[in-house]
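Input: a single structure, listed below in structure tokens.
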Amino acid sequence: EAEFTNQRVNQPYRHPLHPNTICRHPSTRIVNTYLGHQFRTDLLVFEMALDPYKINTETAGLWIKRAGQSVAEAMVLAAGRILDIEFNEIKSGYRIRYDYNKRLVYVDVFLFDSLSSGAGYCATLSEQTSKLLKETEKVLEYCPKKCDSACHDCLQHFWNQRVHTQLDRFAGLELLKWCKN
């Protein structure tokens with residue numbers, strides 16, 4: 001049987017800038033670590049301004065989160081239709097941003113090419129904004145099964161399964177129509 005001791009273990013590799021460093025993580029507890037990856041690609045951002053005095057923009061109310069996520073996912077599907085590509089060539093996300101100086105709340109929906117260095121899809125979409133928004137509205141309005149929020153025939157698919165419970169095509173449609181009108 002091996003005897004375990006509280007000895008420092010050297011890194012299994014040598015960092016080029018810090019060749020003599022030793023890991024100093026506490027051995028008595030687990031440390032949460034967030035790993036990330038960075039790559040350059042094409043990015044397209046839609047900034048939707050909302051007046052918090054006319055519409056509920058509280059994130060605790062969940063409406064705005066569901067709406068932002070749903071619009072982002074619908075835009076990916078719409079982009080795939082417009083460009084005649086597999087929709088998973090484009091990824092999406094959203095964020096809610098509060099500007100207290102202007103008394104506005106922004107829902108920023110962003111699309112980016114999933115290919116490192118970009119495939120040019122989002123750059124092409126930037127020239128077809130009105131077409132993309134019209135197609136996004138169609139995606140959100142029409143479901144062959146006429147579902148209550150989202151299903152595999154409209155917004156849900158394998159690549160967005162982590163957010164299935166957050167998708168609501170009606171909330172997304174309300175957000176899109178609010179900004180349009």
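Legend: calculated FRET efficiency, Arg103 to Val45, from the Cβ-Cβ distance at R0 = 25 Å, rounded to 0.05, equals 0.70.
Roughly how many whole Å is it from the C-alpha centroid of region 73-90 to that of region 153-174? What the calculation gives is 14 Å, centre to centre.
Working from label points 7 Å from Cα in the Cα-to-Cβ sense, the Glu86 to His152 distance is 1.8 nm.
Packing order of peptides 150-157, 169-176, highest average first: 169-176, 150-157 (average count of other Cβ atoms within 10 Å over each peptide's residues).
Among the GluC sites (Glu not before Pro) in region 59-113, which ones are in a DSSP loop with at most 14 other Cβ atoms within 10 Å of the Cβ? Mind listing them?
Passing both the DSSP loop test and the Cβ count: Glu86.
Over region 60-127, the pair-distance histogram of Cα-Cα distances with 10 Å bins from zero comes to 20, 44, 26, 11, 0 percent, rounded to whole numbers. Indicate the gyration tensor shape class of region 37-181 (rounded, prolate or oblate), computed on the Cα atoms with a ≥ b ≥ c the square roots of the eigenvalues: a/c under 1.5 is rounded; otherwise a/b larger than b/c is prolate and the rest oblate. Oblate, because a/c is 1.5 or more while a/b does not exceed b/c.
Using r as the Cβ-Cβ distance of Trp159 and Thr28, and R0 as 35 Å, what FRET efficiency do you calculate, to the nearest 0.05?
0.35
Over the C-alpha trace of region 33-91, radius of gyration and Dmax come out as 15.2, 40 angstrom.
None of the figures in this text is laboratory data; all of them are computed from the coordinates on show. Here the structure is a predicted model, which is why all the values come from computation and not from measurement. Glycine also receives a Cβ, built like all others from the backbone with ideal geometry; neighbour counts cover every protein chain displayed.
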